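K.L.:
My structure is below; once you've seen it, I'll send some questions.
The values are calculated or read from the model by the stated rules, or taken from the named source; none is laboratory data. Note that this is a predicted model, so its numbers are computed, not measured. Methodologically, a virtual Cβ is constructed for each residue, glycine included, from the backbone with ideal geometry; neighbour enumeration extends over all protein chains shown.
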Amino acid sequence: MGLKIAIGGKGGVGKTTVCAVWSQLFAADGFEVLAIDADPNTNLAMAFGLGAEQSPEPLINMKQLIAERTGTERGSVGAYFRLNPEVADLPERFSVEVPVADADKTVKLLVLGGITQAGAGCACPEGAFLKALLSHTLLQRDEIVLVDLAAGVEFMGRASIQGIDALVVVTEPGQRSIETTNRIAKMATELGVGYTAAVLNKIAGAGQIETIRSQLNTAVLAAVAYNPAVQKADLDGRGVVGADQHLVEQLRAAKVQLQAVLPAARQ
Ligand SMILES: Nc1ncnc2c1ncn2[C@@H]1O[C@H](COP(=O)(O)OP(=O)(O)OP(=O)(O)O)[C@@H](O)[C@H]1O
Ligand SMILES: [Mg+2]
């Protein structure tokens, strides 16, 4: 079975950036990669440099499909619905192939949207549908799966965590980010996630690394420098992967660390 990595953290810390860069690095290594945007505020496609017209429609918006699979009529509320809808065909049908820079490879991108509700156990067809789809990809698929989670601790439900081999929490220099990381790590342990570690991001000076490390209750995989070129790429609407080689190299080092602790992700 392929490795399953979820990427969490406070809002704006760099979750989507890490998810996009790692997806491309794993694909360039020769792994089959499925990247899942599970943040209700979807923007993983943008980090891959896809324009609005190339970005896949979030599955949560596919009302007819959800109604069919959950056995409900459109718009009906409180009606009976299937808790275990058939979803195995959906990753192939609804993912788009994103080309990997400088490699003859692609990443499959699947955009869920709205998983917060499912993670929180929303008793509605949409919740059951997303939960089933995420669980399916985490438990049944044998690629490397990287999940870009919703910000904060709200995503934390069994659906988004069950089957995860590693939860990577992106952490920036700031108390709110550090506290969020510690809360996420604590919940992950309670939910039985096997391995949780932080990637420090937007670091300005080596002194910050020790300050953050001393306050975290998780291992630290690597530290990534604050990098104006990355922010500029976002402002210009360009993909993050080609934004700056230094960022990519630092995230490659973080990935190598993760592969060292998780043998299934080694070549
Ligand atoms: N190392 C870095 N240096 C400078 N800017 C960065 C760095 N990493 C990420 N950024 C920028 O910070 C912003 C937030 O990054 P990103 O979207 O990856 O975070 P996020 O955690 O996914 O945010 P959200 O919670 O909104 O989903 C973006 O503008 C991104 O380009
Ligand atoms: Mg994001």
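K.L.:
Mind counting the residues in the range 231-245 that are within 19 Å of Leu25 (Cα to Cα) and either within 9 Å of ligand 1 (Cβ to nearest atom) or touching a residue at least 60 places away in the same chain (Cβ under 8 Å) (or both)?
P.N.:
The number of residues fulfilling the criteria is 8.
K.L.:
Please go through the range 161-184 and pick out each residue that is over 16 Å from Ala254 (Cβ atoms) and of a type in the set (A, V, I, L, M, F, W, C). Let's see the steps before the verdict.
P.N.:
Our first condition is that a residue be over 16 Å from Ala254 (Cβ atoms); within the range 161-184, this holds for 161-164, 173-180, 182-184.
Across the range 161-184, the qualifying residues are Ile161, Ile164, Ile178, Ile184.
K.L.:
Right, here's the next one. Go through (1) away from ligand 2 (no atom under 16 Å from the Cβ); (2) closer than 30 Å to Ala52 by Cβ; (3) in contact (Cβ under 8 Å) with a residue 40 or more places away in the chain; (4) hydrophobic (A, V, I, L, M, F, W, C) and name the single condition Val199 misses.
P.N.:
Among (1) away from ligand 2 (no atom under 16 Å from the Cβ); (2) closer than 30 Å to Ala52 by Cβ; (3) in contact (Cβ under 8 Å) with a residue 40 or more places away in the chain; (4) hydrophobic (A, V, I, L, M, F, W, C), the lone unmet condition for Val199 is (1).
K.L.:
Step by step: first the residues of the range 18-39, then only those that are surrounded by fewer than 24 Cβ atoms within 10 Å (Cβ to Cβ) and among the acidic types (Asp, Glu), then the one that is nearest to Asn201 (Cα to Cα). Which residue is that?
P.N.:
Checked the range 18-39; the qualifying residue nearest to Asn201 (Cα to Cα) is Asp29.
K.L.:
Taking only pairs six or more apart or across chains, which ones have beta-carbon atoms under 7 Å, a first residue in the range 146-165 that is within 18 Å of Ala128 (Cα to Cα) and assigned to a loop (DSSP other than H, G, I, E, B), and a second residue that is within 12 Å of ligand 2 (Cβ to nearest atom) and modelled with pLDDT under 85?
P.N.:
From the range 146-165, the pairs are Leu149/Phe155.
K.L.:
Could you go through the range 150-164 and let me know if any residue there is more than 16 Å from ligand 2 (Cβ to nearest atom), within 21 Å of Ala38 (Cα to Cα), in contact with a Ser or Thr (Cβ under 7 Å, 6 or more places away or on another chain) and among the polar types (S, T, N, Q).
P.N.:
yes
K.L.:
Please name all residue pairs, on different chains or six or more residues apart, with Cβ atoms under 8 Å, provided the first residue is in the range 14-41 and is more than 18 Å from Arg238 (Cβ to Cβ) and the second residue is of a type in the set (Lys, Arg) and surrounded by 24 or more Cβ atoms within 10 Å (Cβ to Cβ).
P.N.:
Cβ pairs passing all conditions: Asp39/Lys15.
K.L.:
What residue, of Ala150, Ala159, Ala128, is more than 15 Å from the chain's Cα centre (by Cα), at pLDDT below 95 and buried (at least 20 other Cβ atoms within 10 Å of the Cβ)?
P.N.:
Ala128
K.L.:
Next question, about the same structure. If we scan the range 40-62, do we find a residue that is within 12 Å of ligand 1 (Cβ to nearest atom), in a loop (DSSP other than H, G, I, E, B) and either aliphatic (A, V, I, L, M) or crowded, with 24+ Cβ neighbours inside 10 Å (or both)?
P.N.:
yes
K.L.:
So which pairs qualify, if the first residue must be in the range 211-230 and within 16 Å of ligand 2 (Cβ to nearest atom), the second must be among the small types (Gly, Ala, Ser), the Cβ gap must be under 6 Å, and the two must be at least 6 apart or on different chains?
P.N.:
Filtered contacts from the range 211-230: Val230/Ala243.
K.L.:
May I pose another question? Do you know which residues across the range 231-252 are polar (S, T, N, Q) and within 16 Å of ligand 2 (Cβ to nearest atom)?
P.N.:
Gln231
K.L.:
Scan the range 1-39 residue by residue and report those that are within 15 Å of ligand 1 (Cβ to nearest atom) and part of a strand (DSSP E or B).
P.N.:
Answer for the range 1-39, where residues must be within 15 Å of ligand 1 (Cβ to nearest atom) and part of a strand (DSSP E or B): Ile5, Ala6, Ile7, Gly8, Ala35, Ile36, Asp37.
K.L.:
Given the criterion crowded, with 22+ Cβ neighbours inside 10 Å, under 19 Å from the mean Cα position of the chain (by Cα), more than 16 Å from ligand 2 (Cβ to nearest atom) and modelled with pLDDT of 90 or more, identify the matching residue among Lys4, Lys15, Lys10. Show your work before the answer.
P.N.:
Values: Lys15 fails: more than 16 Å from ligand 2 (Cβ to nearest atom); Lys10 fails: more than 16 Å from ligand 2 (Cβ to nearest atom).
Only one candidate qualifies: Lys4.
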